[in-house]
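Q: Here it is: the structure, laid out below.
The values are calculated or read from the model by the stated rules, or taken from the named source; none is laboratory data. As the structure is a computational prediction, the values presented were derived from the model and not from experiment. So basically every Cβ, Gly included, is an ideal-geometry build from the backbone, and we count neighbours across all protein chains shown. Just the protein is used for accessible areas: all its heavy atoms, side chains included, with ligands, DNA and RNA removed. Shrake-Rupley method; radii C 1.70, N 1.55, O 1.52, S 1.80 Å.
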Amino acid sequence: MHDFHFKHNELYCEDVRVADVAHKVGTPFYLYSYKTIADHFLKIQRAFAPLSPLICYAMKANGNLAVLKSLVGLGAGIDIVSGGELQKALLAKADPTKIVFASVGKTDEEIALALRTGILLFNVESQPELEAINRVAHTLGKRAQVALRINPDVPAPTHEYITTGSLKKKFGIDLRTARHIFKQQAKYPQVAINGIHVHIGSQITSGAPFVGALKKVMRFIGELRSEGMRIEYLDIGGGLGIIYKNEQPQTAAEYAVNVMPILAGSKLKIIMEPGRFIVGNAGIFVTKVLYIKDNGVKKFVIVDGGMNDLIRPTLYDAYHEIVPVKKTTAGKAKVDVVGPICESGDFFAHDRPLAKVGPGDLLAVMSAGAYGYVMSSNYNVRGRCAEVMVKGNRFEVTKKKEEFKDLMKGETVPSFIK
Ligand code: LLP
């Protein structure tokens with residue numbers, strides 16, 4: 001499942017001792033396993049081999065250049081959500097004809113950049129956006145390839161903030177409007193509408209929501225086709241859940257078994273957008289214990305990483321396993337693991353039984369490879385931490401820790417204040 005394991009009571013990433021990385025790089029930092037990333041990508045590819053889908057890695061989950069390069073090297077396409085992500089994908093030498101672009105708020109500049117780049121598909125999330133793409137394409141003398149992102153209005157049992165397939169959410173286009181757009185295609189001469197996209201949410205552990213949504217989408221595609229519309233692509237999104245604690249998510253193979261019969265015989269070109277499944281368990285966040293504080297009511301393990309580095313626990317009440325990088329025989333105590341930030345929401349765990357640790361000890365926050373570094377911030381004027389990649393017995397910093405001067409870049413005092 002992943003390549004973080006204990007050997008002689010020490011945590012290793014592949015063949016690298018995590019403590020050695022900490023010694024060289026300083027804490028806190030993110031550590032990624034190349035092998036885990038590659039294995040997870042190949043697992044999906046193998047499971048869906050009969051359909052030969054285009055797997056567009058959702059780089060929003062982890063946009064580190066080394067991660068992108070690794071996946072592009074394995075043949076992955078990229079799912080992007082901004083002009084910035086597009087530029088980074090191109091830096092990683094992603095093939096433009098394997099890039100798909102979602103986002104409810106694409107700007108004219110982003111649309112123009114994507115058109116000039118020649119991406120495979122815009123996953124369009126509203127009629128006004130389609131009009132904007134048509135207008136910008138006209139100005140540039142280009143024709144855009146478009147899939148309509150359908151909102152199938154199905155529930156997805158996951159955190160409220162990361163469900164997307166209900167009409168109470170901003171994402172996608174309702175079926176009635178989508179049908180209307182298809183019928184009015186002639187109004188958009190610079191656009192070829194030839195696909196459907198659906199993504200119902202993230203960290204979905206069971207198969208049923210995907211099956212329900214896809215059946216609905218396939219019925220819709222059937223209706224459109226019977227009305228003479230041409231549908232070439234179906235992008236089935238991402239959303240596959242992973243193990244953080246004791247979840248029993250469907251495997252890639254089970255997902256394929258659930259989904260492939262629904263798509264069989266449709267002659268659709270299938271696109272997938274997994275993010276978390278590929279990188280989630282392929283990364284850890286390593287932080288050092290600074291102080292222990294016991295106020296008589298609670299015991300706090302205060303570490304040098306904070307919610308600015310990894311916001312998932314406080315934003316989604318997400319569980320991340322925490323393990324000392326060196327296993328000890330010391331008994332466990334119930335503690336809060338907290339950071340240095342000036343907020344009570346700055347925590348990695350509440351009331352967690354943890355082996356007794358002391359100042360200087362290293363802790364690994366597990367399953368931090370997805371939506372970790374990418375959601376970090378400079379809150380409290382803290383530089384973003386380093387990111388490190390391991391392959392076999394080698395490791396290298398792939399993103400340097402931000403220095404104070406990086407944080408001050410572009411910030412000036414106006415003349416009327418000086
Ligand atoms: N495709 C689209 C259109 C998406 O919006 C997303 C994720 C994905 C694919 C990839 O989903 P995945 O396979 O990673 O579940 N920050 C949250 C997750 C936000 C997901 C946003 N969209 C978290 O930390 O849980």
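Q: Identify, from the list Ser226, Ser206, the residue that is surrounded by fewer than 21 Cβ atoms within 10 Å (Cβ to Cβ), touching a Pro at 6+ places or on another chain (Cβ under 8 Å) and of a type in the set (Gly, Ala, Ser).
A: The conditions single out Ser206.
Q: Another question, then. If Leu90 passes every condition in (1) within 28 Å of Leu268 (Cα to Cα); (2) within 16 Å of the ligand (Cβ to nearest atom) but one, which one does it miss?
A: Just one mismatch for Leu90, condition (2).
Q: Out of the residues in the range 33-53 that are outside any helix (DSSP H, G or I) and among the polar types (S, T, N, Q), state the one that is nearest to the chain's Cα centre (by Cα).
A: So the first thing to find is which residues in the range 33-53 are outside any helix (DSSP H, G or I), and the list is 33, 48, 52-53.
Now drop any that are not among the polar types (S, T, N, Q), which leaves 33, 52.
Values: Ser33: 16, Ser52: 22 Å.
My answer is Ser33.
Q: Another one. Return the pairs, sorted by first residue and then second, in which the second residue is part of a strand (DSSP E or B), the first residue lies in the range 279-291 and is open to solvent by 10 Å² or more (accessible area, probe 1.4 Å), the beta carbons are less than 6 Å apart, and the residues are 6+ apart or on different chains.
A: Once the first residue is open to solvent by 10 Å² or more (accessible area, probe 1.4 Å) and sits in the range 279-291, its partners that are part of a strand (DSSP E or B) give Lys288/Leu362; Leu290/Ile302; Tyr291/Ile302.
Q: While we're here: With the requirement that a residue be among the basic types (Lys, Arg) and open to solvent by 50 Å² or more (accessible area, probe 1.4 Å), what does the range 75-107 give you?
A: Listed by number, the residues that qualify are Lys88, Lys93, Lys98.
Q: Of all residues being under 19 Å from Met218 (Cβ atoms) and either β-branched (Val, Ile, Thr) or free of Cβ contacts under 8 Å to residues at least 12 places away in the same chain (or both) in the range 249-263, which is least open to solvent (accessible area, probe 1.4 Å)? Just the residue, please.
A: Val259
Q: A further question on this structure: Is it the case, given these coordinates, that Ala386 is closer than 14 Å to Asp309 by Cα, open to solvent by less than 20 Å² (accessible area, probe 1.4 Å) and not assigned by TED's automatic domain parsing to the domain that holds Gln203?
A: When the stated conditions are applied, Ala386 passes them.
Q: Can I ask one more? Could you pull out the residue among Ala58, Ala22, Ala66, Ala92 that is closer than 25 Å to Ile311 by Cβ and not assigned by TED's automatic domain parsing to the domain that holds Lys269?
A: Of the residues listed, the single one that is closer than 25 Å to Ile311 by Cβ and not assigned by TED's automatic domain parsing to the domain that holds Lys269 is Ala22.
Q: If we scan the range 322-331, do we find a residue that is more than 25 Å from the chain's Cα centre (by Cα), under 17 Å from Leu51 (Cβ atoms) and open to solvent by 10 Å² or more (accessible area, probe 1.4 Å)?
A: no
Q: Does Gly339 qualify as being open to solvent by less than 40 Å² (accessible area, probe 1.4 Å) and within 16 Å of the ligand (Cβ to nearest atom)?
A: In short, no.
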